[in-house]
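All remarks here apply to the structure that follows.
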Amino acid sequence: MAQVTLEQAQKIIEVTLAHGRETECLPLGVAILDPGGHLFAFAREDGTSFLRPQIAQAKAWGALGMGMGSRALVERPDRFIQTLNAATDGRVLNAPGGVLIRNDSGEILGAVGVTGDVSDRDEACAIAGIEAVGLIADAG
């Protein structure tokens, strides 16, 4: 199973955080999951709240588990999200900021979850990070 490399993950985090600073986002947390949903890399800026690791992972985990960026989960009925969370012990967050990482063949290499600012801005930072390493960002 192909996945993002550690070098790519570190660059994604670096660019994601830099994009956040350039666009004056609040302090961010960035989680990168491998294709199996396991935490592969994580960073958070000074000043983030203590829940940022869990929120970032929930955005990425939901995207990865459903095979679509978390923006697409926002459109799902509340009952669907409640059922999904019941089945996953509450591990899914249906808010933009969970972005799949794909290669040129469309294969999923992992997912990025970003949290700290409003969800649309979190998502934009994740996309910037993924595209900086020449991979495809699938936000949903």
- Name the residues in region 91-105 that are in a loop (DSSP other than H, G, I, E, B) and touching a residue at least 24 places away in the same chain (Cβ under 8 Å), would you? R91, V92, L93, N94, A95, P96, G97, N103, D104
- Query: Can you pull out the residues in region 19-36 that are in contact (Cβ under 8 Å) with a residue 40 or more places away in the chain, out of contact with any Ser or Thr (no Cβ under 9 Å at 6 or more places or on another chain) and surrounded by fewer than 16 Cβ atoms within 10 Å (Cβ to Cβ)?
  - Reply: T23
- For M66, which of the numbered conditions (1) surrounded by 21 or more Cβ atoms within 10 Å (Cβ to Cβ); (2) free of Cβ contacts under 8 Å to residues at least 40 places away in the same chain; (3) of a type in the set (A, V, I, L, M) fails to hold? (1)
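Assess whether A43 counts as being among the hydrophobic types (A, V, I, L, M, F, W, C), within 23 Å of Q3 (Cβ to Cβ) and assigned to a strand (DSSP E or B). Explain how you work it out, then say what you get.
Details: among the hydrophobic types (A, V, I, L, M, F, W, C): yes; within 23 Å of Q3 (Cβ to Cβ): yes; assigned to a strand (DSSP E or B): yes.
Answer is yes for this residue.
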- Of the numbered conditions (1) at pLDDT 95 or above; (2) crowded, with 18+ Cβ neighbours inside 10 Å; (3) in contact with a helix residue (DSSP H, G or I) (Cβ under 8 Å, 6 or more places away or on another chain); (4) not aromatic (F, W, Y), I55 satisfies every one except a single condition; which is it? (3)
- Which of the residues that make up region 89-105 are more than 15 Å from I55 (Cβ to Cβ) and at pLDDT below 95? D89
- Task: Scan region 107-134 residue by residue and report those that are part of a helix (DSSP H, G or I), closer than 22 Å to A2 by Cβ and within 11 Å of the chain's Cα centre (by Cα).
- Result: A126, I127, G129, I130
- In this structure, is G116 at pLDDT 95 or above and buried (at least 24 other Cβ atoms within 10 Å of the Cβ)? yes
- Note on the structure: Scanning region 82-106 residue by residue, the ones that are farther than 20 Å from I32 by Cα and surrounded by 14 or more Cβ atoms within 10 Å (Cβ to Cβ) total 2
- Determine, yes or no, whether R76 is assigned to a loop (DSSP other than H, G, I, E, B), of a type outside the set (S, T, N, Q), out of contact with any Gly (no Cβ under 8 Å at 6 or more places or on another chain) and surrounded by 14 or more Cβ atoms within 10 Å (Cβ to Cβ). yes
- Message: So, in region 17-36, how many residues would count as being out of contact with any Leu (no Cβ under 7 Å at 6 or more places or on another chain) and either assigned to a helix (DSSP H, G or I) or closer than 20 Å to A63 by Cβ (or both)?
- Response: 9
- Note on the structure: With the first residue restricted to region 71-82 and required to be closer than 14 Å to G98 by Cα, and the second required to be acidic (D, E) and part of a helix (DSSP H, G or I), Cβ contacts under 8 Å at 6 or more apart or on different chains are R71/E123
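The values are calculated or read from the model by the stated rules, or taken from the named source; none is laboratory data. These numbers come from a predicted model, not from an experiment. Here Cβ is always computed from backbone atoms with ideal geometry, including for glycine, and neighbour counts include all displayed protein chains.
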